[in-house]
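S.K.: Handing you this structure, nothing more for now.
The values are calculated or read from the model by the stated rules, or taken from the named source; none is laboratory data. Since this is a predicted model, take the numbers as computed values, not measurements. Reconstructed Cβ throughout: ideal geometry from the backbone, glycine too, with neighbour counts over all protein chains shown. Areas reflect the complete protein model, heavy atoms only, side chains present, ligands, DNA and RNA absent. Shrake-Rupley method; radii C 1.70, N 1.55, O 1.52, S 1.80 Å.
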Amino acid sequence: MSSERLSRARSRRVAALAVALTCTTGSGALLAGALPVEGVGQTGPIFVPPGNLPPASAGTVAGATDAATGNGSGGGGAAAGGAGGEAIGETFDADELAAAAAAEERAAEAARQARAALESALAICGSLPKAYVVSCVGERLGVAAAALPSDAEFAAPKAALAQASRSLEQVARANRDRSAPRITARTSGPSPIQTERPLTPVAPERVEAVLEEAEDILDEVETVLLRSAEASQQRAELFFDMAEAVESNKVLLRS
């Protein structure tokens, strides 16, 4: 730094120091410490300048006090705001977790109902003449599809079950025994299960061929369920259980 720049810098520092230590009045210089003071609550005293000097704003004084002590209303408000934001965030997270847990329970219950519908085929369809078994299994798959939620994670299993239900009924109707009636099946006991649509009988000479075609349809459903289980860690067990239930229906077709 040149001597000229150094001299100017010193002059500025001297001038700043003079302003900080004195307040100029009409009758001459008066030390700031000799000015009258006025209490301002808990923030400490402030200097009251003579009338010809612009008064310091309360916001400026309060801000300076807050900055110096960290205990003023500004600092306290910031701290309170931070604490409040954190509390609100924690409450939101807790609500979000509770909602997620409730949704998970509903999905699990829906999957259990779907599995129960598939497993009920053994009790309902297994007691019927072979002519009605394909239509009966198809009806149970339709009930299972309707039980599943419409969430994206269940989309593929739900669609596969619904399509298989329609396909099995179409196969039964294409090979229908016109001499036999369509029936509604119902289990006995304290909690009976009843089919939700009439069951279509297959002509005796077509039963074996229709059963083989139905097994191919169930193979496709089982494949979708197993792939869904592999793709979803959260729902894997549910989809595996449903695939096992479909496998049991395949055994029913063979028996």
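S.K.: Quick one: accessible area per residue over segment 104-255, 1.4 Å probe, rounded to a whole number of Å²?
M.R.: Counting only protein heavy atoms, the per-residue value for segment 104-255 is 50 Å².
S.K.: If you look at just the Cα atoms of segment 123-173, how large are its Rg and its Dmax in Å?
M.R.: Using the Cα atoms of segment 123-173, the pair Rg, Dmax is 12.0, 38 Å.
S.K.: Here's another thing I want to ask about it. Work out from phi, with θ = phi - 60° and the Karplus expression 6.51 cos²θ - 1.76 cosθ + 1.60, the ³J(HN,Hα) of each residue of segment 181-189, listed in order in whole Hz, and give x for Gly and Pro.
M.R.: The phi angles translate into x, 7, 10, 10, 9, 8, 7, 9, x Hz.
S.K.: How far apart, in nanometres, would the label points at E230 and E247 be if each is projected 7 angstrom from Cα along the Cα-to-Cβ direction?
M.R.: Label-label distance for E230 and E247, simple model: 1.5 nm.
S.K.: What is the gain in length, in nm to one decimal, between A98 and R182 on full extension, counting 0.36 nm per residue of separation less the C-alpha to C-alpha distance?
M.R.: Between A98 and R182, full extension yields an extra 25.5 nm.
S.K.: Please give the direction-averaged projected area of the C-alpha convex hull for segment 158-255, in square nanometres with one decimal.
M.R.: Its average projected convex-hull area is 7.5 nm².
S.K.: Moving to a separate point now. Based on the mean of other Cβ atoms within 10 Å per residue, sort peptides 234-241, 167-174 so the most packed one is first.
M.R.: In decreasing order of mean packing, 234-241, 167-174 become 167-174, 234-241.
S.K.: Using packing as a proxy for protection, rank 178-186, 121-129, 149-157 so that the peptide with the highest average count of other Cβ atoms within 10 Å comes first.
M.R.: Ranking the peptides 178-186, 121-129, 149-157 by packing returns 121-129, 149-157, 178-186.
S.K.: Report, in cubic angstrom per residue, the convex hull volume of the C-alpha atoms of segment 200-255. Display every interim value, and only then the final one.
M.R.: Working: hull volume 3.9 nm³, N = 56.
Here the figure is 69 Å³ per residue.
S.K.: Ignoring ligands, DNA and RNA, what percent of the 1.4 Å accessible area of segment 146-255 is carbon and sulfur? Please list the in-between numbers first.
M.R.: Numbers: 2920 of 6080 Å².
So the carbon and sulfur contribution to the accessible surface is 48 percent.
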